[in-house]
Amino acid sequence: MSENDSQLEQSTPQPLPPHPKERGAFGTHGSGDTSGFGGLVRRVANPANLAAGTPRPYGSYFDGVVDTLSESVDGGIEKVVVDRDELTVFVARDKLLDVVTTLRDDPTLRFEMCLGVNGVHYPDESGRELHAVYPFLSITHNRRLRIEVTAPDADPHVPSIVSVYPSNNWHERETWDFYGLVFDGHPALTRIEMPDDWDGHPQRKDYPLGGIDVEYKGATIPPPDERRRYS
Amino acid sequence: MSDDVTFTAGVRETTEGPVYTVSGQDWDAMTAEIVGNERVVVNMGPQHPSTHGVLRLILELDGETVTEARAGVGYLHTGIEKNMEYRTWTQGVTFCTRMDYLSPFFNEVAYVLGVEKLLGITEQVPERASVIRVMMMELNRISSHLVAIATGGMEIGALTVMTIGFREREVLLHLFEDLTGLRMNHAYIRPGGVSQDLPPEGLDKVREAIVWLRRHLPEYEKFCNENPIFKRRTVGVGYLDLTGCMALGMTGPVLRSTGLPHDLRKSEPYCGYETYDFDVPTRDSMDSYGRFRIRVDEMWQSLHIVEQCVERLEQPGPVMVEDKKIAWPAQLSIGSDGLGNSMEHIRHIMGESMEALIHHFKLVTEGFRVPAGQVYSAVESPRGELGVHLVSDGGTRPWRAHFRDPSFNNLQAVSAMAEGGQVADIIVAVASIDPVMGGVDR
């Protein structure tokens, strides 16, 4: 925990891990141990989340979009990550509604469509374990943009944007169902995929996949989540 | 309970009031005797022949008029996204192809494009592999639209449309089997290319299928376009205008039925779509009839693209990236003892190259590593924008794989399309959305 906190507090951008080509696509380094148990180090699931963000200029239409957003919304943007020609804007959750309203209404942005919301669980990022990721599409300008909001496990609340983008109704229900993220202000936040009386939120990383041993020609094969892992 | 209850299946008391089960032929008796003029809440599905799979509709009726309609989903949830987190990136294809089972190639391509973007090898995918992907997707678009038209026709009583629809689809499924080995759930498109090159006589079979489709596709237009019964059931039914489509995030034929020619193949071309000649058909009737006409027009456009693909595929070439750290090593072939790795490959790894053996072993057991990060890749599936959000932690398995399935999103429009209309029109409205529950619930 404390190790992780110090990572969060660092303000200097952290370098991304080397491309697999630089360390071998099979990930062997050092002893060449192939058992999968040799390299037991604590990993940060997505280093881009902890880094301070991409420095300007971002390139393409990204600079203009971020400028317009930061002018319209006061202090809502935490950081901007440009990776693989995709723009991700991390937004403080209390500013989310302002940001998406601007995205929809500003004529220079005009992101008509929010293509749902997707949860991602990073148990190692203390204080920001749950991420809600919103892909946006502007048909007018033919642009895409991703908004990312984080919430701690202890307080899994994110404002609902159904009032701005009605299409997110079911998507937010799905993310609540799978991650336990509470979308405040949603008209009817109920489970959508799992049965109503289900315990737990199955896409979280602390929720086991389940499964039983299978016997095949005398050998016993463990369920997928108990097999040897290489990463 | 009074003794004069005539319906057969009975009634049971619940905390919300009595729940009546009608079993057919007894609807009049029930409404007259028990309900009178009160509003009725009807549960339709999830096991109902005209709800396109296990879709549950909860309808509040005032006579024959629907005052409120809500869709219930989740009956086909299989946890595909969760399962993918426990398999290699390559094995993920085998899972996601099973989501929207009417358009497996689109699921595969959307996912594989995301993986390739994460790997940074989008540019290295061989030309021939991209052309094969486009050909498969467009043939798949035809077979998917055929089912949409066939089942939609069946649900309004046009049984011949159903039988001919499945007849043509069968031709395409046979073709898929010839080309990929499987009729459905192909797992044919893999990160870096496709799993196998076309078989020697593959292109001839595609040409035969094109000839068949060119002869039989006009039948749908002849059966339906000016058929007065068909038009009375579909014209003005399932109405959703552009404002509604935008608010509800609709894509695909429903959006194009408002006249907006939004198609990802044109606006954000992938797999080289910008090099093909095709049009984006639209209608401005905003109803089920317009969506039917769009689907028929799209089948013709797809056929046109397939013909261009066949032309390009006459030149041989590689179908997998050259990078041996990513390309799936083995090729399957049929030997005297059944399907297995090709003898040529076995000879190579067992007798010639130690590196090839190591690559084979490592790729098959561990899989390749994908640099950490996240991407969103989208393709124009027969039902609209199929988006994939992939997160990698730098390992051999996805940290998160999420599919934005168009059916899931578009089903939200059932309420807007159905409320205020007749009960029978709900069926037409749902059919015009063409939801596939395997994709909705994943």
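The values are calculated or read from the model by the stated rules, or taken from the named source; none is laboratory data. Values in this document were obtained by computation on a predicted structure and should not be read as measured data. Quick reminder, even Gly has a Cβ in these numbers, built from the backbone with ideal geometry, and neighbours come from all protein chains shown.
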What number goes with the only condition from (1) of a type in the set (Ser, Thr, Tyr); (2) in contact (Cβ under 8 Å) with a residue 60 or more places away in the chain; (3) away from chain A (no Cβ under 12 Å); (4) surrounded by fewer than 24 Cβ atoms within 10 Å (Cβ to Cβ) that B:SER381 does not pass? (4)
Hey, does region B:282-293 have a residue that's modelled with pLDDT of 90 or more, farther than 24 Å from A:ASN168 by Cα, surrounded by 23 or more Cβ atoms within 10 Å (Cβ to Cβ) and not small (Gly, Ala, Ser)? yes
Go through region B:384-394 and count every residue that is modelled with pLDDT of 90 or more and facing chain A (nearest Cβ under 7 Å). 4
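Residues B:LEU182, B:LEU198, B:LEU175: which one is part of a helix (DSSP H, G or I) and either in contact with a Lys or Arg (Cβ under 6 Å, 6 or more places away or on another chain) or at negative phi (or both)?
Answer to the check: B:LEU175.
Looking at region B:404-422, is at least one residue small (Gly, Ala, Ser), more than 12 Å from every other protein chain (Cβ to nearest Cβ) and either buried (at least 24 other Cβ atoms within 10 Å of the Cβ) or free of Cβ contacts under 8 Å to residues at least 24 places away in the same chain (or both)?
Initially, region B:404-422 is screened for residues small (Gly, Ala, Ser), giving B:407, B:413, B:415-416, B:418, B:420-421.
Checking the rest, the ones that are also more than 12 Å from every other protein chain (Cβ to nearest Cβ) come to B:418, B:420-421.
Checking which are either buried (at least 24 other Cβ atoms within 10 Å of the Cβ) or free of Cβ contacts under 8 Å to residues at least 24 places away in the same chain (or both) leaves us with B:418.
Yes; the residues of region B:404-422 include at least one that is small (Gly, Ala, Ser), more than 12 Å from every other protein chain (Cβ to nearest Cβ) and either buried (at least 24 other Cβ atoms within 10 Å of the Cβ) or free of Cβ contacts under 8 Å to residues at least 24 places away in the same chain (or both).
Out of region B:392-412, which residues are part of a strand (DSSP E or B) and out of contact with any helix residue (DSSP H, G or I) (no Cβ under 9 Å at 6 or more places or on another chain)? Give the derivation first.
Residues of region B:392-412 part of a strand (DSSP E or B): B:392, B:398-404.
Scanning region B:392-412 gives a single hit, B:TRP399.
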Just to be sure I understand, how many residues within region A:114-126 are part of a loop (DSSP other than H, G, I, E, B) and more than 7 Å from chain B (Cβ to nearest Cβ)? 6
Can you name every one of the helices (runs of 4 or more DSSP H) wholly within region B:212-260 that holds 3 or more residues which are within 14 Å of chain A (Cβ to nearest Cβ) and either over 21 Å from B:GLY153 (Cα atoms) or in contact (Cβ under 8 Å) with a residue 60 or more places away in the chain (or both)? B:242-247
Counting just the residues of region B:37-58 that are more than 19 Å from B:ILE156 (Cβ to Cβ) and in a loop (DSSP other than H, G, I, E, B), which one comes out modelled with the highest pLDDT? B:VAL54
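For region B:46-73, enumerate the residues that are under 18 Å from B:ALA413 (Cβ atoms) and either without any contact (Cβ under 8 Å) to a residue 12 or more places away in the chain or within 14 Å of chain A (Cβ to nearest Cβ) (or both). Steps first, answer last, please.
Looking only at region B:46-73, we keep the residues that are under 18 Å from B:ALA413 (Cβ atoms), and these are B:50-53, B:55-60, B:66-73.
Within region B:46-73, B:LEU55, B:ARG56, B:ILE58, B:GLU68, B:ARG70, B:ALA71, B:GLY72, B:VAL73 qualify.
For region A:127-219, list the strands (runs of 3 or more DSSP E) that sit wholly inside it and hold at least 1 residues that are among the charged types (D, E, K, R); which are they? Let's see the steps before the verdict.
Values: elements: A:130-138, A:143-151, A:157-159, A:182-184, A:214-216.
Answer list for region A:127-219: A:143-151, A:182-184, A:214-216.
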Per the filter on region A:93-116, residues more than 23 Å from B:LEU411 (Cβ to Cβ) and either among the aromatic types (Phe, Trp, Tyr) or touching a residue at least 40 places away in the same chain (Cβ under 8 Å) (or both) are A:ARG93, A:ASP94, A:LEU96, A:LEU97, A:VAL99, A:THR101, A:LEU103, A:THR108, A:LEU109
Residues being surrounded by fewer than 16 Cβ atoms within 10 Å (Cβ to Cβ), without any contact (Cβ under 8 Å) to a residue 40 or more places away in the chain and in contact with a strand residue (DSSP E or B) (Cβ under 9 Å, 6 or more places away or on another chain): count how many of those fall in region A:49-69. 3
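Is at least one residue of region B:79-90 acidic (Asp, Glu) and within 14 Å of chain A (Cβ to nearest Cβ)? Step through it out loud before you land on a result.
First, the residues of region B:79-90 that are acidic (Asp, Glu): B:81, B:85.
Now restrict to residues that are within 14 Å of chain A (Cβ to nearest Cβ): B:81, B:85.
Yes, region B:79-90 contains a residue that is acidic (Asp, Glu) and within 14 Å of chain A (Cβ to nearest Cβ).
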Residue count, region A:52-68, condition of a type in the set (Phe, Trp, Tyr) and over 13 Å from A:ARG84 (Cβ atoms), comes to 1
Which of (1) surrounded by fewer than 24 Cβ atoms within 10 Å (Cβ to Cβ); (2) within 25 Å of B:SER50 (Cβ to Cβ) does B:GLY181 not meet, given it meets every other one? (2)
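Report yes if some residue within region A:93-106 is part of a helix (DSSP H, G or I), among the charged types (D, E, K, R) and within 11 Å of another protein chain (Cβ to nearest Cβ); otherwise report no. If you could, list the steps in order and put the result at the bottom.
Going through region A:93-106, the residues part of a helix (DSSP H, G or I) turn out to be A:93-105.
Going one step further and asking which of them are among the charged types (D, E, K, R), we end up with A:93-95, A:98, A:104-105.
Going one step further and asking which of them are within 11 Å of another protein chain (Cβ to nearest Cβ), we end up with A:104.
Checking region A:93-106: at least one residue is part of a helix (DSSP H, G or I), among the charged types (D, E, K, R) and within 11 Å of another protein chain (Cβ to nearest Cβ).
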Against the definition (buried (at least 16 other Cβ atoms within 10 Å of the Cβ), of a type in the set (A, V, I, L, M) and farther than 16 Å from B:GLN374 by Cα), how does A:LEU96 come out, yes or no? yes
Selection from region B:91-129 of residues that are within 14 Å of chain A (Cβ to nearest Cβ), surrounded by 24 or more Cβ atoms within 10 Å (Cβ to Cβ) and not in a helix (DSSP H, G or I): B:MET99
Applying the selection to region A:127-144, what residues are in contact with a Lys or Arg (Cβ under 6 Å, 6 or more places away or on another chain) and either surrounded by fewer than 21 Cβ atoms within 10 Å (Cβ to Cβ) or more than 8 Å from every other protein chain (Cβ to nearest Cβ) (or both)? A:SER138, A:THR140
Right, B:MET162: more than 14 Å from chain A (Cβ to nearest Cβ), in a helix (DSSP H, G or I), within 20 Å of B:MET184 (Cβ to Cβ) and under 13 Å from the mean Cα position of the chain (by Cα) or not? no
Against the conditions (1) crowded, with 19+ Cβ neighbours inside 10 Å; (2) within 27 Å of B:ARG400 (Cα to Cα), where does A:VAL73 fall short? Just the number, please. (2)
What pairs can you find where one residue is in region A:190-214 and away from every other protein chain (no Cβ under 11 Å), the other is exposed (fewer than 10 other Cβ atoms within 10 Å of the Cβ), and their Cβ atoms are less than 6 Å apart, with a gap of 6+ or different chains? A:ASP213/A:THR220
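Would you check which residues across region B:201-227 are of a type in the set (S, T, N, Q) and modelled with pLDDT of 90 or more and list them? Explain how you work it out, then say what you get.
Here is the first cut: in region B:201-227, the residues of a type in the set (S, T, N, Q) are B:225, B:227.
Residues satisfying the conditions do not exist here.
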